[in-house]
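The values are calculated or read from the model by the stated rules, or taken from the named source; none is laboratory data. Just so you know, these numbers come straight off a predicted model, no measurement behind them. Cβ: placed from backbone, ideal geometry, glycine included. Neighbour counts: every protein chain shown.
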Amino acid sequence: MNAATLNSHRLWAYLQLMRPANIVTSWADVLAGFAASGSIMFLNTEGQSVLATLVPLACLLVATTGLYGGGVVFNDVFDAELDSQERPERPIPSGRASRQGAILLGSLLLLVGIVAAFQVSWLSAILAPSIAVTALLYDAFGKHHPVLGPLNMGVCRGGNLLLGISVVPAMVGEYWFLALIPIVYIAAVTAISRGEVHGTKGNTGIIALLLIGIVIAGLVGLGLLKDYKILAALPFLALFAGRVLLPFIKAVREPTPNQIRMAVKAGVLSLIVLDATVAAGFSSLFYGLLVLSLLPLSIALAQIFAVT
């Protein structure tokens with residue numbers, strides 16, 4: 001293998017560490033939060049107001065890319081020894097990426113995410129490092145705890161949604177509870193993911209399924225908000241329920257590692273549909289479709305890069 005091929009091989013390994021398909025789902029979080037902030041209405045005007053709205057949105061998309069990418073890279077850093085036994089094909093245990101290189105990449109991504117968020121608002125500047133710290137806590141300690149682990153990961157996602165709302169700081173105080181939806185949802189996905197290697201035991205799958213039911217009920221409940229257009233959100237809600245419930249039910253009935261991986265993959269990618277549901281309700285059917293358009297991209301990337 002010549003030097004150019006070797007370098008290309010290594011770059012691909014570091015790209016795998018970032019889990020690009022998952023990063024796309026984090027964009028959907030920000031776009032949903034952006035809709036809840038009320039900023040979409042400025043995109044219907046002309047001139048400076050459009051630029052003044054799109055630039056902060058672009059900064060937040062860069063921020064979530066860095067924060068999520070850095071978080072998942074450090075996940076593999078902390079799991080390197082365990083992966084050497086259970087998943088030796090991964091970039092670090094296989095030797096295709098070094099642990100030191102992964103630490104450098106993860107640190108740079110988190111730094112980029114924090115700096116980008118500082119360009120938006122004072123609240124974005126607070127949320128970004130908070131998300132980074134929460135992600136590192138999950139990577140190092142949280143994921144090993146049966147209760148705090150799923151909650152920890154859910155808080156990362158909830159914070160990411162609030163990051164999108166933080167383009168208008170005052171709106172975070174009004175819609176802070178929206179973060180509870182991804183918190184509960186990711187808690188469900190993280191809970192069932194514990195059986196990816198050896199299968200799940202006990203009532204873990206049933207608990208995860210119940211949490212999904214709570215999320216669906218919560219999305220329906222958003223219709224009680226005066227600014228939420230439930231009719232625009234319903235098509236996305238139906239798609240979300242169909243995509244998530246079927247694989248989760250299969251995983252509960254047959255809790256094998258393969259079925260659980262399929263449920264986790266469906267759960268992660270369906271975050272985009274969940275976000276599209278929120279986005280459509282707070283803006284329009286068209287904006288919901290815009291967010292949903294990220295799903296084919298994420299699915300395509302998931303065929304190339306690992307999601308779990």
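For this structure, a couple of remarks:
- Qualifying residues in region 141-154 (those that are over 15 Å from the mean Cα position of the chain (by Cα) and aliphatic (A, V, I, L, M)) - the one surrounded by the most Cβ atoms within 10 Å (Cβ to Cβ): 148
- All positions within region 211-224 that are without any contact (Cβ under 8 Å) to a residue 12 or more places away in the chain and either farther than 20 Å from residue 33 by Cβ or touching a Phe, Trp or Tyr at 6+ places or on another chain (Cβ under 9 Å) (or both): 213, 217
- Odd one out for residue 235 among (1) in a helix (DSSP H, G or I); (2) at pLDDT below 95: (2)
- The lone exception for residue 304 - which of (1) under 19 Å from the mean Cα position of the chain (by Cα); (2) surrounded by 17 or more Cβ atoms within 10 Å (Cβ to Cβ) it fails: (2)
- When 157, 253 are checked against the criterion of being among the charged types (D, E, K, R), surrounded by fewer than 16 Cβ atoms within 10 Å (Cβ to Cβ) and out of contact with any Cys (no Cβ under 7 Å at 6 or more places or on another chain), 253 stands alone in meeting it.
- Candidate set from region 287-308 (those that are of a type outside the set (S, T, N, Q) and outside any helix (DSSP H, G or I)); member that is modelled with the lowest pLDDT: 307
- Residue that is of a type in the set (Gly, Ala, Ser), touching a residue at least 40 places away in the same chain (Cβ under 8 Å) and over 22 Å from residue 213 (Cβ atoms), where the choices are 302, 263: 302
- Number of positions in region 165-183 that are surrounded by 18 or more Cβ atoms within 10 Å (Cβ to Cβ) and closer than 15 Å to residue 274 by Cα: 5
- Qualifying residue in region 135-156 (condition: of a type in the set (S, T, N, Q) and more than 16 Å from residue 191 (Cα to Cα)): no
- Selection status of residue 32, at pLDDT below 85 and within 23 Å of residue 126 (Cβ to Cβ): no
- Any hit, region 166-183, residues being modelled with pLDDT of 95 or more and over 28 Å from residue 54 (Cβ atoms): yes
- Residue match in region 279-286 (condition: assigned to a loop (DSSP other than H, G, I, E, B) and surrounded by 23 or more Cβ atoms within 10 Å (Cβ to Cβ)): yes
- Residue match in region 264-283 (condition: closer than 30 Å to residue 14 by Cα and more than 18 Å from the chain's Cα centre (by Cα)): no
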